[in-house]
Each structure stands twice: as C-alpha cells, then as structure tokens.
C-alpha cells in the first residue's frame, strides 16, 4: 500500500512535507508549531497559548483525516524550556480523556520559527 498524504486547512507547513501521512490505517501527524494559520504568526499567551494552538492545528489535521483525539495512540512533545513542562501539562490534560495516549516530552535547544513548543502525533484508523 502506498503512503497517502493528508492536508488540513487549519494547519501550517513550513517545509516540503504533508500535514500527515497514512499507511495501513496508521496516521502519522507531522509536528505542529503554534503557528496561527489565519495570521501567519505564533500564538500569543505564553506556553499555554502556544500549546493550545499546537492542538488546534493538530486536531484540524485529525479532522481532515476523518479521525478524532480518541484515535490518537502516541504524542511527542518538544519544549525549548523544560521549565514550561507543568504549564504545558495543564493544557495537555484537557485535550484528551482517559485513557490518555502514550507520550514523550523532550527538551530541545531550538524549534522552527522561534516556537517554544512543537507537538506530533500518531493515530490509528
């Protein structure tokens, strides 16, 4: 089976990649930064606002794929400051219901466009 690309109107690409790619019922969502597609700028509101925007972008991709947050199996969160972990986690826990997806949170030196956070997901149809 060939890889199928998925594009969503509410997500932003800053390079040559699909918002998501699907093969054999697995949907791999590209990392989303907190870019607001309507303004072309990073979301305001500190790490909380940036985390909410990442999820808004990702859930737009899930919707374009015909999926919901309940279909998400794994989430990877990248933070430029691990001091933002607790504030990110407060927003994160409102995005899913139990049982929560598996998750990794990784501290990184830098993210595209000066973002403080980037989030990627894997879902299953």
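Remarks
- Residue count for segment 1-11, restricted to those that are modelled with pLDDT under 90, over 22 Å from residue 104 (Cβ atoms) and surrounded by 17 or more Cβ atoms within 10 Å (Cβ to Cβ): 2
- When segment 94-125 is filtered for residues that are part of a loop (DSSP other than H, G, I, E, B) and either closer than 17 Å to residue 53 by Cβ or touching a helix residue (DSSP H, G or I) at 6+ places or on another chain (Cβ under 8 Å) (or both), the ones remaining, listed by number, are 94, 95, 96, 97, 111, 115, 116, 125.
- Across segment 55-70, the qualifying residues are those that are surrounded by fewer than 21 Cβ atoms within 10 Å (Cβ to Cβ) and touching a helix residue (DSSP H, G or I) at 6+ places or on another chain (Cβ under 8 Å), and the one among them that is nearest to residue 101 (Cα to Cα) is 69.
- Looking only at segment 19-54, residues that are within 19 Å of residue 88 (Cα to Cα), crowded, with 22+ Cβ neighbours inside 10 Å and within 9 Å of the chain's Cα centre (by Cα) come to 6 in all.
- In segment 62-88, the residues that are without any contact (Cβ under 8 Å) to a residue 24 or more places away in the chain and under 14 Å from the mean Cα position of the chain (by Cα): 68
The values are calculated or read from the model by the stated rules, or taken from the named source; none is laboratory data. No experiment lies behind these values; they were computed from the predicted model shown. Note that we place each Cβ from the backbone using ideal geometry, even for glycine, and neighbour counts take in every protein chain shown.
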